[in-house]
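These notes are about the structure you will find just below.
What follows draws every value from the coordinates through simple rules; no lab data is involved. Note that the coordinates shown come from a computational prediction; the quantities given were computed from them, not determined experimentally. Don't worry about glycine lacking a Cβ; one is built from the backbone with ideal geometry, like all the others, and counts go over all protein chains shown.
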Amino acid sequence: MSFDPFDFNSALPVINEDSEFFPLMSTEDEEEMNNQQVPEVLSILPLRNTVLFPGVVIPITVGRDKSIKLIRDVNKGDRIIGVVAQQDVSVEDPTFNQLHQVGTTALIIKMLQMPDGNTTVILQGKKRFVLKEELQNDPYLKASVEPFHETAFNEDKEFKAMVSSIKDMAMSIIQLSPNIPSEAGIAIRNIESTSFLINFISSNMNADMAAKQLLLETASLRDRAKMVLEHLTTDLQMLELKNQIQTKVRTDLDKQQRDYFLNQQLKTIQEELGGTSPDLEIENLRNRGAKKKWSKEVASHFNKELEKLQRINPAAADYSVQINYLELLLDLPWDEFTKDNFDLQRAQKVLDKDHFGLDKVKQRIIEYLAVLKLKHDMKAPILCLVGPPGVGKTSLGKSIAKALGRKYVRMALGGVRDEAEIRGHRKTYIGAMPGRIIQSIKKAGAANPVFILDEIDKVGNDFRGDPSSALLEVLDPEQNSSFYDHYVELDFDLSNVMFIATANSLSTIQPALLDRMEIIEVNGYTIEEKIEIAKQHLLPKQREAHGLKSKNVMIKNDVMEKIIEDYTRESGVRALEKKVGSVVRGIAKSIALEEEYSSNVSKKDVEKILGAPLYDKDLYEGNEVAGVVTGLAWTQVGGDILFIEASLSPGKGRLTLTGSLGDVMKESATIALAYLRAHASYFDIDPRLFELWDVHIHVPAGATPKDGPSAGITMLTALTSAFTQRQVKPHLAMTGEITLRGRVLPVGGIKEKILAAKRANIKEIILCQSNRKDILEIKEDYIKELAFHYVKDMREVINLALLDQKVPDALDLTIKKEPKPVNELNY
């Protein structure tokens, strides 16, 4: 609400160009007015919102019927009326008792009929009067009155100084107030009469009706002057304070306007360059946030961050950081889920179509999906698929996503060493970004994807933290409902995500992390399985990749078996796919060069394209030499066979081990020799031989490091064969750990070892009794050509492995009563 110390609107009609000019009252006019007599009876005109002072000219708009009747009747006569202010401005038709007792006689100077139909009357105040008695009320009010007697006083210096101050203050107010016309200052300077000056300022100053009525009823001019001076002093102080505030605000507004204009120019430049203005960008973010389905907590945080963005200068570096953060919040699928397809028969068909074999793994996945269908809750152990490379661990996750109808995301953990890769960076850092978990969820666009944590066994750690420890929260069903990313700064629910981890080995996985996962072994494939996989998946994939059709390349089972046995040595099918790709490329080259070729690939065509065989199918070595035994080993790329060679030479009973053996294998050799010495009589060995012959145990492929307990029974068999010179049963292999008491303990990686034995044309295999369960998990069709012997004690191993006859040209290890010199021994 504006503040005007003077209200000169009532005075304007007498001085503007549209009305007749009425000169201000001079001293002579005042004397003439004072000499006029107040009539005894006056027609009374009630005023609703103003007070008329003697000598002052004001325009009023007459709207009430009684008032219009009064003006018209009086305007025909002497044109003198009585003007009195109402006590209550809300009363439409005031009675005699609802009027103030002191009023002013007025002369009707002019009556104007306005275009809008209203009647405007210009009045000039004459003298004060006091109401005595009501004479009539209809058609308008008439009353008897008597003159208002003013108190006489002498105009001393104090009074003159007071009047001078009033005039100066009035002039100051007029100069400081922009809404008061300059003519008001001219009017005040030209007023000669002191009483009229007081009345003029009283009528026009910014005061309510009660204050003005009090001035009208004050008999002493000195008192009226003092009251006017107090009002003007207050008004001047208020006006000065107002101007100070306006000046300060104007300075701030000038800066804001300058910034506004600069921002508008920047906006225009950005629009010309094809960019988006900051205001439009913020509005877009607000609109996207309004449509987003998220919790009240997230919505409140988003709005708070958006308000922070509005306070940042678009040219500041923090502006783009804040924009990126808000866009991340909008892009994250807080409560957005894909609908699951729980048709388990369909899921089984999808798994069977995409992966041949792996029956145990598929069964466990179907069980997992069945529980999810019944419970609709992901609080179940995280699956961890463990197996050699190329067996289809990662692609199994893709098939699960396809069967469920969920989004699929994969995060490679190999080589991750920074904890921030999992939990994200704090926004205070330069270049901060969310962790890869949140980034992958954002990429998926749904809060319930199938999430593959690939190569979880290859996570490292350094001075930047331990990512394995950060993964504990991600993979714990009891904790991941409130996963906290340092960049997002809000809890994100990961409980609906189906996490599947993959690993090649469990030895490097942190125990606490391993405890949160259910281990499912994905072992290697048999030759029969590889042939089916190649026919159903690998060959069609390579034909499509090289632009060929099924009629262009056909590979029969025997040819595919040759590729598998002669050119690959693995548990998975990755190398097989490369070799099949090479064959298909060879055919594609012949087609492109328009050379003659056979679409039905033969074994000769394979050798022509792939070259000479890389591996010998029949790795088994004969048993013509004592001390050579075939063992079974597990490697990260699958199973393999190895040979344990034990030889004797005259000496003092020393044991020599070669072949890049690890500590465990060295200990197995020591245990085997100690057990054989302790049970020499059982195996019909002269104990003195251990003091006269040195023992050398070697494992070929000396450049390849080897370790593990699986060669225990193989070493003992090799030593027994060497000291007894008995022949080892042909086409026999074995694996198992031994103890000093001669017990045989179970070992792992049985399926891979069995596959390796079959590739090497092994016919019989010796295993620990406890490993029988591992054989039962392999399809009978794949192992029907193999014979398995399950043992508990080393004596059973020796009885099964060694034949009764000695090898040809056996060493003569008999000790006679008079031993011959060493150089005359027959060996």
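Summing Lys and Arg as +1 and Asp and Glu as -1 over all other residues whose Cβ lies under 12 Å from the Cβ of PRO46 gives a net charge of 0. Which Cα, out of LEU471, PHE451, LEU538, lies furthest along the positive dipole direction of region 444-585 (beta carbon charges, K/R +1, D/E -1)? The residue sitting most towards the positive pole is LEU538. Counted by neighbouring Cβ atoms within 10 Å, the residues THR234, THR720 run from fewest to most as THR234, THR720. Coordinate range of the alpha-carbon atoms in the chain per principal axis, descending: 176, 65, 49 Å.
Proximity of backbone amide H atoms, modeled 1.01 Å from N, is registered between LEU642 and GLY631, LEU632, ALA633 at under 5 Å, excluding neighbours fewer than 5 places apart on the same chain. A simple spin-label model places the labels of SER582 and GLU307 6.8 nm from each other, with each point 7 Å out along Cα-to-Cβ.
Charge tally around SER668: other residues with Cβ under 13 Å, Lys/Arg +1 each, Asp/Glu -1 each, net -2.
Taking the Kirkwood radius as Rh and the Cα radius of gyration as Rg, region 628-806 has a ratio of Rg/Rh equal to 0.96. Between ASN199, VAL797, LEU490, the Cα set farthest toward the positive side of the dipole of the chain (charges on each charged residue's Cβ, about the Cα centre) is that of VAL797.
Distance distribution P(r), region 94-217, all Cα-Cα pairs, bin width 10 angstrom from 0: 10, 29, 36, 19, 6, 0 percent.
Between ALA678 and ASP259, take the C-beta separation as r, use R0 = 60 Å, and let me know the FRET efficiency to the nearest 0.05. Given R0 = 60 Å and the Cβ-Cβ separation, E is 0.05. The residues packed around GLN136, meaning those with a beta-carbon under 15 Å from its beta-carbon, carry a net charge of -2 if Lys and Arg are +1 and Asp and Glu are -1.
Within the chain, antiparallel bridges make up roughly 55 percent of the DSSP beta bridges whose residues both belong there.
For the chain, the longest principal axis of the C-alpha atoms and the axis of helix 712-724 are separated by about 10°.
Residue-wise HN-Hα couplings along region 215-221, as the Karplus relation 6.51 cos²θ - 1.76 cosθ + 1.60 with θ = phi - 60° gives them from phi, are 5, 5, 8, 7, 6, 8, 5 Hz; Gly and Pro carry x. Its Cα gyration tensor gives region 527-610 an equivalent ellipsoid, and the semi-axes of that ellipsoid, as √(5λ) in whole Å with the largest first, are 20, 13, 11. Ellipsoid semi-axes for region 344-521, based on the Cα gyration tensor and the rule √(5λ), read 27, 18, 14 Å when sorted largest first. Dividing the summed helix terms, -39500 (n - 2.57) for each DSSP H run of n ≥ 4, by the number of residues in the chain produces a 222 nm estimate of -13000 deg cm²/dmol to the nearest 500.
Once you compute Rg and the Kirkwood Rh from C-alpha atoms, what is the Rg to Rh ratio for region 278-331? So for region 278-331, dividing Rg by the Kirkwood Rh gives 0.95.
The SER320 and GLU297 beta-carbon pair, evaluated with R₀ = 35 Å, returns a calculated FRET efficiency of approximately 0.85.
Amide H contacts for LEU383 (H built 1.01 Å from N in the peptide plane; partners 5 or more residues away or on another chain; cut-off under 5 Å): ALA501, GLU518. Here the Karplus curve 6.51 cos²θ - 1.76 cosθ + 1.60, taken at θ = phi - 60°, turns the phi angles of region 518-534 into couplings of 9, 7, 10, 7, 10, 7, x, 9, 6, 4, 4, 5, 5, 4, 5, 4, 5 Hz, with x standing for Gly and Pro. Each Cα pair under 8 Å and six or more residues apart adds its separation to the average, and for the chain the resulting relative contact order is 7 percent.
Under 5 Å between amide hydrogens, built in the peptide plane, is the criterion, and for PHE129 it picks out GLY103, THR104, THR105, PHE148 among residues at least 5 positions away or on other chains. Its Cα gyration tensor gives region 118-186 an equivalent ellipsoid. The semi-axes, each the square root of 5 times an eigenvalue, are 36, 24, 8 Å from largest down. Residue pairs exceeding 22 angstrom between C-alpha atoms, taken from LYS579/LYS779; LYS69/LYS110; LYS393/LYS706; LYS296/LYS375: LYS579/LYS779; LYS393/LYS706; LYS296/LYS375. Note on region 12-217: with charges restricted to the Cβ of Lys and Arg (+1) and Asp and Glu (-1), its dipole about the Cα centre is near 260 debye. Assign one of three labels to region 98-155, namely rounded, prolate or oblate, based on the Cα gyration tensor with a ≥ b ≥ c the square roots of its eigenvalues; rounded applies when a/c is under 1.5, prolate when it is not and a/b is larger than b/c, and oblate otherwise. Oblate, because a/c is 1.5 or more while a/b does not exceed b/c.
Distance between the C-alpha centers of region 168-241 and region 345-400? Whole Å please. Computed from Cα coordinates, the inter-centre distance equals 95 Å.
Residue exposure proxy: ASP774, ASP640, ASP340, ASP684, ordered by other Cβ atoms within 10 angstrom of their Cβ from fewest to most, comes out as ASP684, ASP340, ASP774, ASP640. Computed over region 527-610, relative contact order equals 37 percent, with contacts defined as Cα pairs under 8 Å that lie 6+ residues apart.
Per-residue 3J(HN,Hα) values for region 501-509, derived from phi via the Karplus relation 6.51 cos²θ - 1.76 cosθ + 1.60 with θ = phi - 60°, read 9, 10, 7, 8, 8, 8, 5, 9, 7 Hz in sequence order (x marks Gly and Pro).
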